[in-house]
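Notes to accompany the following structure.
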Amino acid sequence: ALTIGIVGLPNVGKSTMFNALTRAEILAANYPFATIEPNVGVVPLPDSRLKVLADIFSSEKVLPATVSFVDIAGIVKGASEGEGLGNKFLANIREADAICQVTRVFNDPDVVHVDGKVDPASDIETIATELILADLQTIENQLPRLEKELRAKKIEASFIDEVKAAQKVLEEGKTLFAGAGEAKLDLEALKPLQLMTTKPFIYVFNMDEEGLANDELKQELTNMVAPAEAVFLDAQFEADLVELDEDEAAEMLHEAGYAESGLEKLARVGYSTLGLQSYLTAGPKETRAWTIRQGATAPEAAGVIHTDFQRGFIKAEVINFDDLVELGSVAAAKSAGKARMEGKDYVMRDGDVVEFRFNV
Ligand code: GDP
């Protein structure tokens, strides 16, 4: 499964947030998580469609899609002293598919800031700089080999050009993710180098209540990190929230004036940042959201349930979620001509309610 690596300077609220994420996972008790690893938080993706379908089908169980977060500990402790990042840390980041930096915005004289003052822009730069330097090092190490391969005609000159264009962006102090648009970089082409700053970034701003109510500040931070996503939450509030039962949590959210929890928002942003979407299956046994990448075809979607479904794929019977809800049953959707038979080239859409036909 694709994962999001959580990083951040010490004392910004990473552990507080991560513990809330893992607690949310444990609370989602009806999900058959294979193993619960201490540094992995598998968070259910909120999806209001599931309950609606479960009611229509009288499903016994509801299984949401999930998003996986990995706590990349050990971090930048030495970075500010010029020690750079540990190898283990870098290896963990390389394995993640997106990077989520928790950044401190909250003010609390009792919680020491590593650099002496609360300054989100500087925190973001500290970590970005370390990752940029590591990527530059990778490119410098690889270029001689690439030049050799070019002479042996094992690679195209255009690939080296792409790598050099990436090097230039990094030398300007930009992450490849942030600089790709302007420099017209093909991040996909750079994949073989396993660079870190090509990964999509998400910034979590850990704020107190006052900060969360400050739209001007939030807009400023949003602009600062674009094109990366910004998520605003209060880690302490989130940690308290996951200790409550569903009704109490809903009330606490309502009282605070929030439509959803920060972790829910983070799960949604993470899911789309990873390029994922869900399709749905429903029956008396379970209603379930299945995770596929955006752009996946019907046979690929079937393969997520079982490889045999993909191999023996014949057709997908697809009903749009809204049509199904409006008509009230599969039978009614069928007689209204809203159930489509889709073949192997069909590109799945988010919220398709699907039944696959296959040979075994
Ligand atoms: P980490 O080092 O990034 O993992 O940070 P922790 O999660 O351990 O938090 C460091 C300290 O900040 C702890 O004492 C937390 O209780 C406190 N803290 C975390 N989030 C918040 C917050 O949103 N507001 C305030 N006031 N304190 C927080």
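The values are calculated or read from the model by the stated rules, or taken from the named source; none is laboratory data. All of these numbers come straight from a predicted model, not from anything done at the bench. Backbone-built Cβ (ideal geometry, glycine too); neighbour counts: all protein chains shown.
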Check on A282, touching a residue at least 12 places away in the same chain (Cβ under 8 Å), buried (at least 20 other Cβ atoms within 10 Å of the Cβ), closer than 26 Å to K199 by Cα and among the small types (G, A, S): no
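Given the criteria in contact (Cβ under 8 Å) with a residue 24 or more places away in the chain and under 30 Å from S15 (Cα atoms), does L176 qualify?
yes
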Search result, residues across the range 308-319 that are crowded, with 17+ Cβ neighbours inside 10 Å and in a helix (DSSP H, G or I): F309, Q310
Subset of the range 320-348 [without any contact (Cβ under 8 Å) to a residue 24 or more places away in the chain and assigned to a loop (DSSP other than H, G, I, E, B)]: A336, G337, K338
Number of the condition not met by F313 [criteria: (1) touching a helix residue (DSSP H, G or I) at 6+ places or on another chain (Cβ under 7 Å); (2) closer than 23 Å to A54 by Cα]: (2)
Hits in the range 42-77 (condition: modelled with pLDDT under 90 and in contact with a Leu (Cβ under 8 Å, 6 or more places away or on another chain)): V43, I75, V76
Selection status of A28, modelled with pLDDT under 85 and within 16 Å of the ligand (Cβ to nearest atom): no
K148 farther than 21 Å from V225 by Cα and surrounded by fewer than 12 Cβ atoms within 10 Å (Cβ to Cβ): yes
Residue in the range 256-271 that is more than 16 Å from the ligand (Cβ to nearest atom), assigned by TED's automatic domain parsing to the domain that holds F69 and of a type in the set (S, T, Y) present: yes
Residue within the range 178-185 that is under 18 Å from T126 (Cα atoms) and away from the ligand (no atom under 16 Å from the Cβ) present: yes
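Can K184 be described as under 30 Å from D234 (Cβ atoms), basic (K, R) and in contact with a helix residue (DSSP H, G or I) (Cβ under 9 Å, 6 or more places away or on another chain)? Working first, answer last.
Details: under 30 Å from D234 (Cβ atoms): no; basic (K, R): yes; in contact with a helix residue (DSSP H, G or I) (Cβ under 9 Å, 6 or more places away or on another chain): yes.
It is false that K184 is under 30 Å from D234 (Cβ atoms), basic (K, R) and in contact with a helix residue (DSSP H, G or I) (Cβ under 9 Å, 6 or more places away or on another chain).
Condition check: in contact with a strand residue (DSSP E or B) (Cβ under 7 Å, 6 or more places away or on another chain), hydrophobic (A, V, I, L, M, F, W, C) and at pLDDT below 95. Does I93 satisfy that?
yes
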Residue within the range 241-253 that is in a helix (DSSP H, G or I), touching a residue at least 12 places away in the same chain (Cβ under 8 Å) and touching a strand residue (DSSP E or B) at 6+ places or on another chain (Cβ under 6 Å) present: no
Members of the range 255-265 that are without any contact (Cβ under 8 Å) to a residue 60 or more places away in the chain, closer than 16 Å to S48 by Cβ and part of a helix (DSSP H, G or I): K265
The range 191-249: number of residues that are among the charged types (D, E, K, R), within 16 Å of the ligand (Cβ to nearest atom) and surrounded by fewer than 21 Cβ atoms within 10 Å (Cβ to Cβ): 6
Of all residues making up the range 137-168, the number that are under 30 Å from the mean Cα position of the chain (by Cα) and among the small types (G, A, S): 2
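Does L263 satisfy the condition of being within 19 Å of the chain's Cα centre (by Cα), crowded, with 19+ Cβ neighbours inside 10 Å and within 27 Å of V354 (Cα to Cα)?
No; evaluated as a whole, the condition is false for this residue.
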